[in-house]
Amino acid sequence: MTSVVALALLAAAEAPDWFRAWQYTAKPASLRGCSECQGEPDDVCEVRAGAQGRPIGEYMQQRSTAPERIKLLRSKADPDCAVSAAAFFGARGALDLAAIRLARAPPSAALIERFGPRSAVTGWPRAPQNRKGLQMAAALPDRVGLRTALVCWGSERGWPSAELGAGTVCEWWLLPVTAEGEPDLARSSFPLSRNSVSVIRAGPAPSIGARRWRNRS
């Protein structure tokens, strides 16, 4: 079975709390990109503030065929853009791209008590390479507006150019969402662990196991 067929089957079977590809930024950004990257010169690609999400299977089917390019997630009203992966994932990258498995329900009071998250960052977290000078601030989690999330970061030589695999850096976070379950980039996110974990496979559950996922929900 080809990877395209496997991804199509995965997309058809994705559960509401399965991985989605999320691209987000708190501020508008301008990048150099091109429509379909078929030899035309790069044009400016304007990205609005906010977040765009796609089911992981759908995103992997629509990603750029050029490994050195990252196809941006865009609204249907905006033209396609595929930008340099080196610039996108560089230390000065303006956008963040991650495969995120987001719980459907708020975390339990027991989880909040067990991990005691008290330091937070504004908005959804930035990728590890973009955290230089990051300041954590004291904050109390609003449990109802948070969701437990496994955040797996994109990289120049890893996902999304390749499948989620052992080299993908992942972290546990509590991420703020709106009443509709969409990213809330104005509120605070709380790290649940100082240590990164790795996804071994993109199968029915992360390598850390479905049981542990349920315990963190």
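Descriptive notes on the structure:
- Counting only the Cα atoms, region 41-146 fills a convex hull of 146 Å³ per residue.
- Taking one quarter of the surface of the convex hull spanned by the alpha-carbon atoms of region 57-115 gives a direction-averaged projected area of 6.7 nm².
- When only Cα pairs below 8 angstrom with a gap of at least 6 residues are kept, region 128-175 shows a relative contact order of 40 percent.
- Sorted peptide list for 73-83, 167-177, 24-34, criterion being average Cβ within 10 angstrom, highest first: 167-177, 24-34, 73-83
- Local net charge near L73, Cβ-Cβ under 15 Å (Lys/Arg +1, Asp/Glu -1): +2
The numbers here are math on the coordinates, done by the rules we state, and not lab data. Here the structure is a predicted model, which is why all the values come from computation and not from measurement. Every residue, glycine among them, receives a Cβ derived from its backbone with ideal geometry; neighbour counts consider all protein chains shown.
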